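Working notes for the structure below.
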Amino acid sequence: MSQYLVLIYGDPTYEAGSSDDVMKGHMKFGEDFGSKIAGGNALQPTSTATSIRPDGAGFAVTDGPFLETKEALGGYYLIEAADLDEAITISQGIPMPAGGVEIRPVVVYG
Amino acid sequence: MRVTRDLDLAEECVQEAFTKAVTAWQQELPANPGAWLTTVARNRALDLLRREQHLRRLLPLLVEEQVAPEEPEHTDLLRLVFTCCHPALALESQVALTLRLLCGLSTADVARAFLISEPTMAARITRAKKKIAQARIPYRVPDPEEMPARVDAVLAVLHLLFTTGHTAPSGARLVREDLTSRALELGRMLHTLLPTPEVRGLLALMLLSEARTMTRTDEHGRLLLLEQQDRSRWDRDVIEEGLLLVRQALQAGPPGRYALQAAIAAVHADARTYEETDWREIAALYALLLARWPSPAVALNRAVAIGLGAGPEAGLRALAALDDEPALATYAYFPAARADFLRKLGRTEQARRAYEEALLLTENEVEREFLQTRLLELDQDKA
């Protein structure tokens, strides 16, 4: 089994929990693929984000997401799958109200 | 890392097959090495099919074969096909891997076929192999429910290979036979392993186009239209093979994109003279194709067929309906088609402007020369 981080992208202003349909979708996803889900969280909208960049002397702390994009990271799941095909099948069960998801294999060291 | 090992192993197997071929050819070179390879591949696949009688109903059984301790050899080949043509890889990488791993072409040859430098192509192939390993793109035949979409992806690669070979985007030669014959070999192989209606449709389409290749240019390499081609030189055996496959593909239910394109090619192949071409049938098939596969290029071909069936004015009207299509704005064939209809109506100056517009849009030297000839003919029309 390998781990994949599935990043959920969508409307930057979306408030997690504000839609019953999406909530139901996540619950169904949890029921359908419970044993494959190693973790996951919803994130507050990008208006709550704080970014930090080293600026030589110390750190510049600014308001806002790291990158301003039309579709922003809104949440993630950490899933376990035998290969990319299984990861794709599992990820298709995740609600995608606007935008979609990105699947990234997790690096295994050693 | 299992995938990399398998993939490298598969690469070795393909190379071994080619090494064997080369060894055999050193003793006696077959008249047509491409056909020889295809025949060998087909015979081998047929042997396997005979041994495994159940494999007639290939799709559901292949999946069981995966867990069986002894897998027939040909699933190796199919697995490699599906790995190379995985939709998680960029299309250009899918094509490169297919040529490199399935056809055994050298990286230098693959680079030449796509008019890019060898280091660039080597980097592209390395990147693709790395993604296969790191994202763990599986080396297996997809599950039945994934199968239709995955077969579509394979067919898209073969079709791209064939059309790239058939109309080189730039450069002096209209056809790069290497690519078309590789695409045909792969099409035959896939058809042997996975005889679905769409695979059959694509193979038929490629065969029916291939049968006319020799007559697409004259002895100076100049482009000849269907109208000008010597139909007695069309390869009748290849056409018959293609027609049979089209019929089988169409009988299998609502036709897919490739089967419809093959049906259109079949109408052309069936006409003994250009004048006998059933343009209304062709326009009707394009309408079906447009419903199945909405694309500006298909809409353009339909408009041209309407004009050839119902007259140049009807053609111009059908073309005018596509004026706002952004994808056609840079497509040389669009103004060239308008120019042809204008010319038939004697609207010489408008035709001239349209041919000149088309000339600005193509870099293929053969096509450019063709358009320039058309412009010269306009002057003769006037005189």
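So is A:E102 within 14 Å of chain B (Cβ to nearest Cβ) and in a strand (DSSP E or B) or not?
yes
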Going through segment A:80-99 one residue at a time, which ones are without any contact (Cβ under 8 Å) to a residue 60 or more places away in the chain and either part of a loop (DSSP other than H, G, I, E, B) or away from chain B (no Cβ under 14 Å) (or both)? A:Q92
Answer yes or no: is there a residue in segment A:26-41 that is of a type in the set (K, R), more than 14 Å from chain B (Cβ to nearest Cβ) and surrounded by fewer than 11 Cβ atoms within 10 Å (Cβ to Cβ). no
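Table: residues versus (1) touching a Cys at 6+ places or on another chain (Cβ under 9 Å); (2) surrounded by fewer than 18 Cβ atoms within 10 Å (Cβ to Cβ).
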position: B:R182; (1), (2): yes, no
position: B:L193; (1), (2): no, no
position: B:P197; (1), (2): no, no
position: B:R200; (1), (2): no, no
position: B:T215; (1), (2): no, yes
position: B:L225; (1), (2): no, yes
position: B:S232; (1), (2): no, yes
position: B:E240; (1), (2): no, yes
B:E145 vs (1) part of a loop (DSSP other than H, G, I, E, B); (2) modelled with pLDDT of 95 or more: all pass except (2)
Kindly indicate whether B:Q380 is in a helix (DSSP H, G or I), touching a residue at least 12 places away in the same chain (Cβ under 8 Å) and exposed (fewer than 14 other Cβ atoms within 10 Å of the Cβ). no
For B:R347, state whether it is basic (K, R) and surrounded by 20 or more Cβ atoms within 10 Å (Cβ to Cβ). no
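Hey, among the residues in segment A:1-25 that are in a helix (DSSP H, G or I) and in contact (Cβ under 8 Å) with a residue 40 or more places away in the chain, which one's nearest to the other protein chains (Cβ to nearest Cβ)?
Per the criteria, the residue is A:G25.
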Check segment B:325-340 and report whether any residue there is surrounded by fewer than 14 Cβ atoms within 10 Å (Cβ to Cβ) and either at pLDDT 95 or above or assigned to a helix (DSSP H, G or I) (or both). yes
List the residue pairs whose Cβ atoms are under 7 Å apart, where the first residue sits in segment B:137-152 and is within 12 Å of chain A (Cβ to nearest Cβ) and in contact (Cβ under 8 Å) with a residue 12 or more places away in the chain, the second is in a loop (DSSP other than H, G, I, E, B) and not acidic (D, E), and the two are 6 or more positions apart or on different chains. B:I137/B:H86; B:I137/B:A88; B:R150/B:P142
Sort through A:L43, A:L67 and tell me the only one that's in contact (Cβ under 8 Å) with a residue 12 or more places away in the chain and either within 21 Å of B:I137 (Cα to Cα) or among the hydrophobic types (A, V, I, L, M, F, W, C) (or both). A:L43
Filter pass, B:L99 being part of a loop (DSSP other than H, G, I, E, B), away from chain A (no Cβ under 11 Å) and either over 21 Å from A:M1 (Cα atoms) or among the acidic types (D, E) (or both): no
Going by what's in this entry, would B:L322 be described as modelled with pLDDT of 90 or more and assigned to a loop (DSSP other than H, G, I, E, B)? yes
Surrounded by fewer than 22 Cβ atoms within 10 Å (Cβ to Cβ) and hydrophobic (A, V, I, L, M, F, W, C): which single residue out of B:A287, B:A269 fits that description? B:A287
Residue check, B:Y274 surrounded by fewer than 17 Cβ atoms within 10 Å (Cβ to Cβ), touching a helix residue (DSSP H, G or I) at 6+ places or on another chain (Cβ under 9 Å), of a type outside the set (A, V, I, L, M, F, W, C) and touching a residue at least 40 places away in the same chain (Cβ under 8 Å): yes
Would a scan of segment B:115-131 turn up a residue that is hydroxyl-bearing (S, T, Y), buried (at least 18 other Cβ atoms within 10 Å of the Cβ) and either more than 14 Å from chain A (Cβ to nearest Cβ) or touching a helix residue (DSSP H, G or I) at 6+ places or on another chain (Cβ under 7 Å) (or both)? no
Return the residue satisfying two criteria in turn: it lies in segment A:57-79 and is of a type outside the set (S, T, Y) and either part of a helix (DSSP H, G or I) or surrounded by 18 or more Cβ atoms within 10 Å (Cβ to Cβ) (or both), and of such residues it is nearest to the other protein chains (Cβ to nearest Cβ). A:I79
Do you know which residues across segment B:102-136 are in contact (Cβ under 8 Å) with a residue 60 or more places away in the chain and part of a helix (DSSP H, G or I)? B:L102, B:D109, B:A113, B:K129, B:I132, B:A133
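The values are calculated or read from the model by the stated rules, or taken from the named source; none is laboratory data. In this text, all values refer to a predicted model and were calculated from it rather than measured experimentally. Reconstructed Cβ throughout: ideal geometry from the backbone, glycine too, with neighbour counts over all protein chains shown.
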